[in-house]
1. Which number in (1) modelled with pLDDT of 95 or more; (2) closer than 19 Å to Phe63 by Cβ marks the one condition that Ala156 misses?
2. Taking Val144, is it at pLDDT 95 or above and under 15 Å from Val42 (Cβ atoms)?
3. Hey, Ala132 hits all of (1) touching a Ser or Thr at 6+ places or on another chain (Cβ under 6 Å); (2) surrounded by 22 or more Cβ atoms within 10 Å (Cβ to Cβ); (3) farther than 19 Å from Ile161 by Cβ but one; which does it fall short on?
4. Quickly run through the stretch 140-154 and pick out the residues that are surrounded by fewer than 20 Cβ atoms within 10 Å (Cβ to Cβ) and either of a type in the set (Lys, Arg) or outside any helix (DSSP H, G or I) (or both).
5. Would you point out which residue out of Thr98, Thr105, Thr50 is of a type outside the set (A, V, I, L, M, F, W, C), free of Cβ contacts under 8 Å to residues at least 40 places away in the same chain and buried (at least 22 other Cβ atoms within 10 Å of the Cβ)?
6. Based on what the data block shows, is Ala157 small (Gly, Ala, Ser), crowded, with 20+ Cβ neighbours inside 10 Å and touching a strand residue (DSSP E or B) at 6+ places or on another chain (Cβ under 8 Å)?
7. Which one of these is farther than 25 Å from Leu81 by Cβ, touching a residue at least 12 places away in the same chain (Cβ under 8 Å) and not β-branched (Val, Ile, Thr): Gly136, Gly129, Gly177, Gly188?
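The values are calculated or read from the model by the stated rules, or taken from the named source; none is laboratory data. It should be emphasised that the depicted structure is a prediction, and the values quoted were computed from it without experimental measurement. Positions of Cβ are backbone-derived with ideal geometry, glycine not excepted, and every protein chain shown enters the neighbour counts.
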Amino acid sequence: MRTPTLALLALSTALLLSACKDGPGTAPAKAPAATETSTAAVEAEARGFTVGAPMSTRTVYVFFDPQCPHCAALWKAAKPLKSQAKFVWIPVALLNKTSEAQGATLLAAKDPIATMDEHEASISAKGGGISAMGAGDAERAAVVKNTALMNRYGFAAVPSIVAKHAQTGALVTREGGMPTAELAALLGLQAPSAQ
């Protein structure tokens, strides 16, 4: 009777990995959206925390799962661009039950940026992330609502980005991680100079 258990484990692993996308040049196929994606709707309906230039007119919304290593990589890739835009990081729960609890903990944190730095460093080091504590029902409900919003837009992977191009004003959406220069080009921002 071990074979069905192994088959279920293999299937769940495949589903987990398919929900978490990364890599230069990879733009996962997007499922048809049930609702048209818009920055105004994300701003009105999602709950996240802001990193970067708080008064910037350039806002980049990032749906991320706290358990996603590719989201951790995008967190790091976005840091050099934070002087040019404000990034709103919106936790969702796609990968496992820990995702919801950690996302709620990030929303409840007094300093969500420092908490996210700690969390993503742990995820990158394969440490599992922050201990999920200190969040209440309101924060958990916000993560559930964020997940439903992301699903309503038809995004099938994390991280998922919704923004307006800084130069053209056109709506930009993208699933999957990318390095800083590619992220800057996608958003119409100035790529940081190589150091």
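1. Status for Ala156: all satisfied but (1).
2. Details: at pLDDT 95 or above: yes; under 15 Å from Val42 (Cβ atoms): no.
So Val144 does not fit the description; no.
3. It is condition (2) that Ala132 fails.
4. Of everything in the stretch 140-154, those that are surrounded by fewer than 20 Cβ atoms within 10 Å (Cβ to Cβ) and either of a type in the set (Lys, Arg) or outside any helix (DSSP H, G or I) (or both) turn out to be Arg140, Lys145, Arg152, Gly154.
5. Values: Thr98 fails: buried (at least 22 other Cβ atoms within 10 Å of the Cβ); Thr50 fails: buried (at least 22 other Cβ atoms within 10 Å of the Cβ).
Matching residue, one of Thr98, Thr105, Thr50: Thr105.
6. Values: small (Gly, Ala, Ser): yes; crowded, with 20+ Cβ neighbours inside 10 Å: yes; touching a strand residue (DSSP E or B) at 6+ places or on another chain (Cβ under 8 Å): yes.
Yes; evaluated as a whole, the condition is true for this residue.
7. On the way: Gly129 fails: farther than 25 Å from Leu81 by Cβ; Gly177 fails: farther than 25 Å from Leu81 by Cβ; Gly188 fails: farther than 25 Å from Leu81 by Cβ.
Within the list Gly136, Gly129, Gly177, Gly188, the selection yields Gly136.
A quick yes/no check of all residues on (1) within 20 Å of Met178 (Cβ to Cβ); (2) loosely packed, with under 14 Cβ neighbours inside 10 Å; (3) modelled with pLDDT of 65 or more:
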position: Leu15; (1), (2), (3): no, yes, no
position: Ala29; (1), (2), (3): yes, yes, no
position: Thr37; (1), (2), (3): yes, no, yes
position: Ala44; (1), (2), (3): no, yes, yes
position: Met55; (1), (2), (3): no, yes, yes
position: Lys82; (1), (2), (3): yes, no, yes
